[in-house]
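Here's the structure we're looking at; comments come further down.
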Amino acid sequence: MPMPCEFFALDGLAELMETIRRIQAGPNPRLKLGGILLTMAEERTNLGAAVASEVRQAFPGKVFQTFIPRNIRLAEAPSHGKPVAFYDLKSKGAQSYLNLAREWLGILKPALQEEMP
């Protein structure tokens, strides 16, 4: 689940978790939160660091190590009709998405191997 590093997003996260609990109690008891992706993160601000810290404490092991920074190239790419990897592969934003893909695949691989007979 993507989550902007802003305090109002924490309220949304709490609401989402309540919705997940209701769904688990009823129609889909196997529903799980796959992970939380911190987005629009600004490493240099106290706000971003505080929100990231609070989410990591509340959801240990569920927050991706990779985060997506606030990055102008990410914002520009759609206006040029391109994904950021084609617009500027070397940008910090594109590199973050590539790192996220690597992290996600690293998480999935052991889980898939466990499911195979």
Could you check segment 55-67 and list, in sequence order, the residues that are within 9 Å of Ile36 (Cβ to Cβ) and assigned to a loop (DSSP other than H, G, I, E, B)? Phe59, Lys62, Phe64
Taking segment 10-58 on its own, how many of its residues are touching a helix residue (DSSP H, G or I) at 6+ places or on another chain (Cβ under 7 Å) and in contact (Cβ under 8 Å) with a residue 60 or more places away in the chain? 1
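Which of the following residues is more than 15 Å from the chain's Cα centre (by Cα) and among the hydrophobic types (A, V, I, L, M, F, W, C): Leu16, Leu33, Leu47, Leu10?
Leu47
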Select, from Gly48, Gly93, the only residue that is at pLDDT 95 or above and not aromatic (Phe, Trp, Tyr). Gly93
If you take the residues of segment 68-82 that are assigned to a loop (DSSP other than H, G, I, E, B) and at pLDDT 95 or above, which of them is farthest from Trp104 (Cα to Cα)? His80
What number of residues within segment 31-54 satisfy the criterion of being among the β-branched types (Val, Ile, Thr) and either on the phi > 0 side of the Ramachandran plot or in a helix (DSSP H, G or I) (or both)? 1
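The values are calculated or read from the model by the stated rules, or taken from the named source; none is laboratory data. What you see is a predicted model, and the numbers here were worked out from it, not measured in a lab. So basically every Cβ, Gly included, is an ideal-geometry build from the backbone, and we count neighbours across all protein chains shown.
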